[in-house]
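First the structure, in the form of structure tokens, and then the observations on it.
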Amino acid sequence: MSRLYLVPDRKDMKRMCDLAEAYGCAFEYNDFFLPKVMDDAKEQEEIIADYRKYREGFSGSGLAENGFSADTMHGAFLDVTIHSDDSLIRDVSMRRVRQSMETAKRMGLKGIVFHTGRLAGFRSAGYLKNWRDRNVSFFTEIAAQYPEQQIYMENMFDEAPDVLAGLAEQMRDVENFGICLDYAHAMIFSKCSGREWIEPLAPYIRHIHINDNDLQHDLHLAVGAGRLDWQEFDHLIRQYDIEAPVLVEVNGYEAQKESLQYMKRDGIYPMERER
């Protein structure tokens, strides 16, 4: 069974670790993408120190001897536009990505999630080609510089999967690069069906984010608490033989527990249905 991930809560780590251990989960850290944190080295070290108190002794974490090898993190994504024609914006965006990679390396994390950063719905051929080519060039370089970390590109406001699939195809030979399918984003920011998203991306999906919503707003509800069709999600992931870890991207112990219980009861990927 593919590994599950949870978003840890620094103020409730004892219960978080107990829940993660009960379901065999690793953690995906959401503490390091905010600019104010990225600009404050002292705060970063305090956050890392807080987590290290719990993770070094956590038997379900799959730690390597030198770090948090099973865990991942959300990289910088606010205003990050690698493809910008403005060299100043482009340079700052690249700097933020490199900062994220350094944080992940320092913590020994397995992977880092970034966002596409595209202008939603803007389909100019020149813009799309520029987005693809600059991201291919930059992230190929980053992947070579950080071979121990996996890099995942996540759909955000993308109106269709074709541009992201084109990037993945261009980078198919980069072993530590893949797609993070955010199923909730796909269902609310796009008119494409789940099948229309998963079929072209299936060969490249290395990580998955899930949470629920009302099919209109990005609410990050507990899985099963909204209107998304989780039986369809489960069917499509299994039909296309996708083997990827799944982040239950909801905040707080109670919502995470509710999500995991629902997934286990209904056998939602990567859970197996209870007999």
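The values are calculated or read from the model by the stated rules, or taken from the named source; none is laboratory data. Small disclaimer: the values here were computed from a predicted structure and weren't measured. Neighbour counts are summed over all protein chains in view; Cβ atoms, including those assigned to glycine, are modelled from backbone coordinates with ideal geometry.
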Checklist entry - Among the residues of segment 16-46, which ones are within 14 Å of Asn251 (Cβ to Cβ), of a type outside the set (S, T, N, Q) and out of contact with any Asp or Glu (no Cβ under 8 Å at 6 or more places or on another chain)? => result Leu19, Asp31
Item to check | segment 67-91 - residue that is among the aliphatic types (A, V, I, L, M) and assigned to a loop (DSSP other than H, G, I, E, B) and, of those, farthest from Phe139 (Cα to Cα) | outcome: Ala70
Item to check | Residues of segment 222-275 satisfying the condition of being of a type in the set (Asp, Glu), free of Cβ contacts under 8 Å to residues at least 60 places away in the same chain and either out of contact with any helix residue (DSSP H, G or I) (no Cβ under 7 Å at 6 or more places or on another chain) or not in a loop (DSSP other than H, G, I, E, B) (or both) | outcome: Asp229, Glu232, Asp234, Asp241, Glu254, Glu258, Asp266
Item to check | Sole residue being crowded, with 18+ Cβ neighbours inside 10 Å and modelled with pLDDT of 95 or more, chosen from Leu219, Leu247, Leu215 | outcome: Leu247
Item to check | Selection count, segment 8-39, where residues are assigned to a loop (DSSP other than H, G, I, E, B), among the aliphatic types (A, V, I, L, M) and crowded, with 18+ Cβ neighbours inside 10 Å | outcome: 0
Checklist entry - Is segment 92-110 home to any residue that is assigned to a loop (DSSP other than H, G, I, E, B) and basic (Lys, Arg)? => result yes
Next on the checklist: Whether any residue in segment 165-181 is among the aromatic types (Phe, Trp, Tyr) and farther than 25 Å from Ala26 by Cα is what I want to check.
Outcome noted: no
Checklist entry - Can you name the residue in segment 108-127 that is touching a Gly at 6+ places or on another chain (Cβ under 8 Å) and free of Cβ contacts under 8 Å to residues at least 60 places away in the same chain and, of all such residues, is nearest to Asn176 (Cα to Cα)? => result Ile112
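Okay, residues lined up against (1) of a type in the set (S, T, N, Q); (2) at pLDDT 95 or above; (3) in contact with a Lys or Arg (Cβ under 7 Å, 6 or more places away or on another chain):
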{"position": "Leu167", "(1), (2), (3)": "no, yes, yes"}
{"position": "Phe189", "(1), (2), (3)": "no, yes, no"}
{"position": "Gln231", "(1), (2), (3)": "yes, yes, no"}
{"position": "Arg238", "(1), (2), (3)": "no, yes, no"}
{"position": "Glu258", "(1), (2), (3)": "no, yes, no"}
Next on the checklist: Among (1) under 26 Å from Asn176 (Cα atoms); (2) at pLDDT below 95, there is one condition Met38 misses while meeting the rest; what is its number?
Outcome noted: (2)
Checklist outcome for this item: Of the listed residues (Val163, Val174), the one being touching a helix residue (DSSP H, G or I) at 6+ places or on another chain (Cβ under 7 Å), among the β-branched types (Val, Ile, Thr), surrounded by fewer than 22 Cβ atoms within 10 Å (Cβ to Cβ) and within 18 Å of Gly111 (Cα to Cα) is Val174
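Rundown of residues vs (1) closer than 30 Å to Leu4 by Cβ; (2) modelled with pLDDT under 95; (3) β-branched (Val, Ile, Thr), yes/no style:
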{"site": "Ser69", "(1), (2), (3)": "yes, yes, no"}
{"site": "His83", "(1), (2), (3)": "no, no, no"}
{"site": "Arg96", "(1), (2), (3)": "yes, no, no"}
{"site": "Arg106", "(1), (2), (3)": "yes, yes, no"}
{"site": "Lys110", "(1), (2), (3)": "yes, yes, no"}
{"site": "Tyr127", "(1), (2), (3)": "no, no, no"}
{"site": "Val136", "(1), (2), (3)": "no, no, yes"}
{"site": "Ile151", "(1), (2), (3)": "yes, no, yes"}
{"site": "Glu154", "(1), (2), (3)": "yes, no, no"}
Checklist entry - Restricting to segment 160-180, what's the tally of residues that are within 16 Å of Ile198 (Cβ to Cβ), without any contact (Cβ under 8 Å) to a residue 40 or more places away in the chain and assigned to a loop (DSSP other than H, G, I, E, B)? => result 1
